[in-house]
Every structure is written in structure tokens, then in C-alpha cells.
Amino acid sequence: MTNTHIIRRIISKKAIFFLLTILPVCLLNVSCVDEDEYADNPKGNLDALWHIMDEHYCFFNEKGIDWNAIYNKYKVRVDNNMTETQLFEVLSNMLGELRDGHVNLFTSFDYGRNWSWHEDYPSNFSDTLLRRYLETDYKIATGMRYRILDDNIGYIYCGSFSGAMGAGNLDDIMSYLMTCNGLILDIRDNSGGMVTSAEELAARFTNEEILVGYMQHKTGKGHNDFSSMEEQRLKPSKGIRWQKRVMLLTNRQVYSAANEFVKYMKQCPNVTVVGDQTGGGAGLPFSSTLPNGWGVRFSACPMYDVNKMSTEQGIAPDVNVQLKQEDLLKGEDTIIEEARRLIMRN
């Protein structure tokens, strides 16, 4: 069976929810190169890495990247007498040209990455302010912290989708907040995890099955070799569902599975996205191995919103709000306060 057939078998509508994760331990490993085809030396590893990405990476055309030109740029920087550290620097810099947070190089001594999706922007989030709003008597369930604010608005902070969402836990949270005037769901700095968890939480905010986006998978080695778009649909939870207004707070560090969550929630009724644009990360990550044993991760299957537009570069909020320094000095979170005003105004 060819690698393409393996990928097509694995990437089904259901499997997508189990595979999209930022955690290396959860990556799907795909053997992309013949181990005997490339020598285990610096030049061989460069060529192996370049071919893996050339045949399987999914955003070359979307990002306008000339991968051949990048190969010519970096091949002259490699010789077989260089150290592992020097080789790692060259290969990491080559991958950095892709500007993709899902592209990484794994070694025993370092982790190659490009985190410009959030490092180049204001954080729009403060742990100190979060502690002020949660105080000390907040509740914790299924990895989320929640409480009722003094204006009878429910507040949930969800900092990760790395753990499973318990259905019973979500029922308890919804029941506790049911009498609130509205809900602030804060996912700022949530860099992803399991899409199953994102889907489980989003399912609490719709009463009917809805179209939330599309996905594709690679069908060949060419940069344009993709399947037709397949629908992603969100089914309502069988548990307690939220029926009032929701303000979903986002910033640039919302990425990967959390980015997918925002995509789902934008199609749910009564939801307004408030804050900054998300960081993106709309490619299902796969992994492979170089001849020297180093691991490489890369985006292989692109995801789209309901308008068939890529969300790789992030999702814009409905209401753009930035954390103001003067509010920070006063102990107020500009984004949370705007969300409270929007709930009470409607």
C-alpha cells in the first residue's frame, strides 16, 4: 500500500477529530522517505527533509512559497563536516521559512520552531488579571476554571484542549451557570490540544447539527494534489446546552485545535468573538523521521471555514478589542470588561 493510500484511509471525517493536536506525542507518524535513498550525513539529511516537505506539506501555494528557491538558498550552507548543532540551525531556519507553528524539528538537544504566529503580536492576556477575576474561590472541572462574576455573568477560562472533556463535568458547569445573564468563555493563550475536546465543548452551544467548515487531504506529491473538500459538521450535545449570549475571548496565541474551536463557535447562535485575531494553525500535523533519527512535524491536511476560506492565518474577531496598558495598571482586563458590557447591553 502506498503512503498516499495510507493517508487517505486514515484521514476520514471522524479521524480528523482525534488527530489534530499540537502535542508531539499525539502525532501521526508517516514514513515519507526511503531510508536507503538518502545518506545519513548533513547533505543527505537536508535533501531528505526538503523532499518530505516538498511532497507532503500543504500550504506552499497558499503562502506563496517557492520551495525550490529555498532549497537553493540553504543547500550551500550545508557540508558534511559540520556539527549536529550547526546542521540543526540550518535545517530549522529552512523550515522557519514556512512560517508555520505546526512545523517543527525534534532532536534530543533542541526543538526547532517558528512561533511568530503569536510572538510577533501583543499578548492581550495577563495571568495577573486572570487571577483577579477568578479570585480564589473559583471552581475547577474538566480542566476549566469558572465562577459567577459580581454582575451575574458566568465566566469560564479554558486554557487548553489537551485533556478530555467530561460530559458530566460540562453538565455540572452549565447547571451552575444557568441563572447567569450571559457567559464569557475565555480561551486566550489556548494553543490547542485534541479536537475531540474542542468539539465536545462547542457542541454545548448549538441545538441543531450545523456545518462548521471543510477539510482536504493530500492525494499525491504535487503541491496542488488535494482531494475535494469534505464537510465538517457539529452535532449538538445530548447533555445540557447553553441558550443565552456567549462572548468568546481570543488572542493570537489561540492556535490549532483552539483555532478550530473558534471556527465552530462562529457558526453557533448567540456567540460573539471578542478580542484579537487567533493565531491560526489550520493544517492537520503529520510527522516523519530523517536518516539521522531527528523527527520532523508538518502541516499535511488543510482546514477551511464555512466559506471555504483557509483559517491557517487565523480567524478575525467580531469585536476587535486590545488590552490597554492604562486598564492593566488599574487591574482591569479591557477585553473582559468589553465582553461584560456587550452582554449587559443586549
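Just a few scattered comments:
- Centre-to-centre, using Cα atoms only, region 302-346 and region 145-179 are separated by 19 Å.
- Take the Cα of Ala69, step 7 Å toward its Cβ, do the same at Lys139, and the gap between the two points is 5.6 nm.
- Projecting the Cα positions of Gln86, Gly192, Asn169 onto the charge dipole of the chain (unit charges on Cβ atoms of Lys, Arg, Asp and Glu, taken about the Cα centre) puts Asn169 furthest along the positive direction.
- FRET efficiency, Tyr121 to Asn93 (Cβ-Cβ, R0 25 Å, nearest 0.05): 0.70
- The chain - percent relative contact order, Cα under 8 Å, separation 6 or more: 21
- Electrostatic dipole magnitude of region 284-346 [Cβ: Lys, Arg +1; Asp, Glu -1; Cα centre; debye, to 20]: 180
- Accessible area (Å², 1.4 Å probe, nearest 10) - Ser227: 20
- Accessible surface for Asp150 stands near 150 Å², nearest 10, in the context of the full protein assembly shown (1.4 Å probe).
- Percent antiparallel among DSSP beta bridges (both partners in the chain, rounded to 5): 60
- Gained length - Glu230 relative to Lys43, 0.36 nm times residue gap less alpha-carbon distance: 63.4 nm
- Measuring between their Cα centroids, region 190-249 and region 51-67 lie 25 Å from each other.
- The chain - accessible surface per residue (Å², probe 1.4 Å): 44
The values are calculated or read from the model by the stated rules, or taken from the named source; none is laboratory data. Predicted model only: the values in this text are computed from it and were never measured. Please note: Cβ atoms are built from the backbone with ideal geometry, for glycine as well, and neighbour counts cover all protein chains shown. Calculation scope for accessible area: heavy atoms of the full protein, side chains included, ligands and nucleic acids excluded. Shrake-Rupley method; radii C 1.70, N 1.55, O 1.52, S 1.80 Å.
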